[in-house]
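Chemist: My questions all concern the structure below.
Taken together, the values in this text are just the output of simple stated rules run on the coordinates, not laboratory data. Predicted model only: the values in this text are computed from it and were never measured. Every residue, glycine among them, receives a Cβ derived from its backbone with ideal geometry; neighbour counts consider all protein chains shown.
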Amino acid sequence: MPVDRSAPPEERIPSILRRLKRAYPEAIIALDFSNPFECVVATVLSAQSTDMKVNQVTKSLFRKYRRPEDYLAAPEDQLQQDIHATGFFRQKTKALKGLSQRLIDDFDGTVPGTIAELITLPGVARKTANIVQGNCYPQVQRKDPDAGIAVDTHVGRVAVRLGLTKHNSKDAVKIEQDLMKLVPKRAWPRLPDLFIAHGRQTCDAKRPRCEDCPVERLCPSSQEAGLADLYRLPPPQRKKTTARAGR
Ligand code: SF4
């Protein structure tokens with residue numbers, strides 16, 4: 001019998017991933033970069049900004065600043081000006097200078113590959129570390145006991161709507177743990193790209209296009225099926241609603 005929305009998450013997830021891969025075959029990280037250092041910089045700049053805005057800024061930034069030494073040598077006000085359009089430019093300037101210094105002091109100027117090392121860089125928390133590792137060091141990720149899944153706002157929302165977690169969509173660390181239990185490790189780097197593509201193109205925060213959704217049959221929040229949107233419900237009510245959808 002085909003799996004549908006009434007099945008538990010562990011039974012639905014293989015089919016969800018298969019369908020999303022088919023629906024978004026081109027899904028890749030939207031930030032532009034050509035090496036791990038640029039990936040860290042772009043990811044730091046993407047906080048509270050859009051990928052499009054970051055790509056506009058990094059187009060000239062990456063021509064001007066190629067190595068950690070270049071960020072350190074730049075006067076603070078100049079660097080602030082160069083990244084101004086991404087917002088929060090003072091904090092981001094501090095982070096870029098801090099992480100450049102750390103890379104030179106502790107890692108011979110190169111970006112490390114393990115999560116434990118990555119999160120020692122100023123401005124790099126677990127989400128950024130997961131993005132950098134998943135995109136630049138997939139071979140390290142396979143062996144790293146601290147590896148995980150990058151959970152941003154789209155990944156969180158889609159995971160909640162699909163009933164893959166009972167946690168609040170903003171609770172990135174708990175959602176990451178739930179997804180890690182459900183999804184095989186080899187699929188961890190691909191999952192954020194697929195969920196982000198789905199969140200942007202179909203499962204919009206305000207108006208999900210459930211009528212065109214490739215995983216509608218597997219979704220306990222389907223508006224097409226007249227169900228309550230788990231993303232809009234406070235967590236305690238989700239359990240009852242998911243159970244009702246499961247009957
Ligand atoms: S059915 Fe609707 S709510 Fe569920 S994943 Fe698809 S678009 Fe999102």
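Chemist: Taking N as the number of residues in the stretch 1-95, what is its Cα Rg relative to 2.2 N^0.38 Å?
Modeler: Output field value: 1.55.
Chemist: Let me ask something else about it. Cα-based Rg (one decimal) and Dmax (whole number) for the stretch 38-85, in Å?
Modeler: 10.1, 27
Chemist: What is the order of THR153, THR202, fewest Cβ neighbours within 10 Å to most?
Modeler: Neighbour counts put them in this order, fewest first: THR153, THR202.
Chemist: Note the per residue figure in Å³ for the convex hull of the C-alpha positions in the chain.
Modeler: Working: hull volume 30.6 nm³, N = 247.
In the chain, the Cα convex hull volume per residue is 124 Å³.
Chemist: If you don't mind, there's one more thing I want to ask. Select from ALA27, THR43, VAL3 the residue farthest towards the positive end of the dipole of the stretch 1-59; place +1 on Cβ of Lys and Arg, -1 on Cβ of Asp and Glu, and compute about the Cα centre.
Modeler: Selected residue: VAL3.
Chemist: Next question, about the same structure. In the Gaussian network model of the chain, springs joining C-alpha atoms below 10 Å, which of HIS84, HIS198, HIS154 carries the largest mean-square fluctuation?
Modeler: Ranking HIS84, HIS198, HIS154 by mean-square fluctuation puts HIS84 first.
Chemist: Which aspartates and glutamates have a Cα less than 18 Å from the Cα of LYS127, not counting those fewer than 8 places away in the same chain?
Modeler: List returned: ASP32, GLU38, ASP51, GLU117, ASP144, ASP146, ASP152, ASP171, GLU176, ASP178, ASP193.
Chemist: For the stretch 36-143, what percent of Cα pairs sit more than 23 Å apart?
Modeler: Beyond 23 Å sits 20 percent of the P(r) for the stretch 36-143.
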